[in-house]
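Shown next, in structure tokens, is the structure this report addresses.
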């Protein structure tokens, strides 16, 4: 990826970069402004909360308290976590441990409480396609004989696929 280096006034080759790294550089400022957190927290969420909570939770935002001036002492934020409704009780039970893990991730006491927002979070798995039908040798030969006179290759493939489904359901 070439870019114009303004300091040196010439093009310089940076090499290949991972898409996750590029997306983090793009999304971090937006997330920082809107949610007060970084993509690293979102990406490390499973590692922070573990397998038991990561499937039905996600961090929404860091809710920082308002400061009247820069002279005020630092006040930790509240971490807003979206959670599937019925599982929020389990998340609430482990909230102290999650606060410790998040603060350990940041390296300082960034949060002191968790706000749970109940909403659907679980990732929908795509339904798996059934395995293609397997025809017995006699059925395969019969189907090939029926399609022998079809000249158009695309049509032949489509009819073969349909025939496999029809013949496999009969057996």
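The values are calculated or read from the model by the stated rules, or taken from the named source; none is laboratory data. These numbers come from a predicted model, not from an experiment. A quick note on method: Cβ atoms are made from the backbone with ideal geometry, for glycine too, and the neighbour counts reach across all protein chains shown.
Consider residue 130 carefully, then state whether it is free of Cβ contacts under 8 Å to residues at least 60 places away in the same chain, under 17 Å from residue 45 (Cβ atoms) and assigned to a loop (DSSP other than H, G, I, E, B). The answer is no for residue 130. Taken across the stretch 78-90, residues that are under 17 Å from residue 108 (Cα atoms), more than 22 Å from the chain's Cα centre (by Cα) and at pLDDT 80 or above do occur, with at least one present. Mind counting the residues in the stretch 65-79 that are closer than 19 Å to residue 117 by Cα and surrounded by fewer than 15 Cβ atoms within 10 Å (Cβ to Cβ)? Result for the stretch 65-79: 1.
Here is the figure for the stretch 49-77: residues that are in a loop (DSSP other than H, G, I, E, B), modelled with pLDDT of 85 or more and at negative phi total 3.
Listed here are the residues, each with its yes/no results for (1) at pLDDT 90 or above; (2) out of contact with any helix residue (DSSP H, G or I) (no Cβ under 8 Å at 6 or more places or on another chain).
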| position | (1), (2) |
| --- | --- |
| 100 | yes, yes |
| 109 | no, no |
| 118 | yes, no |
| 132 | no, no |
| 136 | no, yes |
| 140 | no, yes |
